[in-house]
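Working notes, beginning with the structure itself.
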Amino acid sequence: MIIKPVLTEKSARNIERSVYTFIVDRVSKGTIRKEIEKQFSVKVLSVRIVNLPEKNRRLKYVPRRKKAYVQLKPGFKIPIIEEVIHAK
């Protein structure tokens, strides 16, 4: 369900506000919330979804997918993602 985290400058700024960005399968907010809480042992405050359009690249087709902005409750962090962001 969770395909990968998004590691960009914008997502790095959002991590300071405890908002993490993920590319996810086409599932509901509740499913994303449960999956994040289970995989990372954190409590989720809110989930916002952005539907990304399909794209045709030169030799590759990128299907439709979703981007999820997950805000954690105060005091919770996902250390694996923060280590990668701060290592850049």
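If I fit a long axis through the Cα atoms of helix 29-40 and take the longest principal axis of the Cα atoms of the chain, what angle between them do I get, 0 to 90°, rounded to 10? That helix lies at roughly 60 degrees to the long axis. A convex hull fitted to the Cα coordinates of the chain yields 103 cubic angstrom per residue.
Considering only Ile15, Tyr69, Asn51, the residue lying farthest towards the positive end of the dipole of segment 2-87 is Asn51, judged by Cα position with unit charges set on Cβ. In a DSSP loop and with at most 10 other Cβ atoms within 10 Å, the GluC sites (Glu not before Pro) in the chain are Glu16, Glu54. Taking each DSSP H run with n ≥ 4 as -39500 (n - 2.57) and averaging over every residue of the chain yields -9000 deg cm²/dmol at 222 nm.
Were the residues from Ile23 through Asn51 laid out at 0.36 nm apart, the gain over their Cα-Cα distance would be 9.1 nm.
Every number in this text was worked out from the coordinates using simple rules, so none of it is lab data. On a predicted model such as this, the values are computed, not experimentally measured, just so you know. Counting neighbours? That spans all protein chains shown, and the Cβs are built from the backbone with ideal geometry, glycine included.
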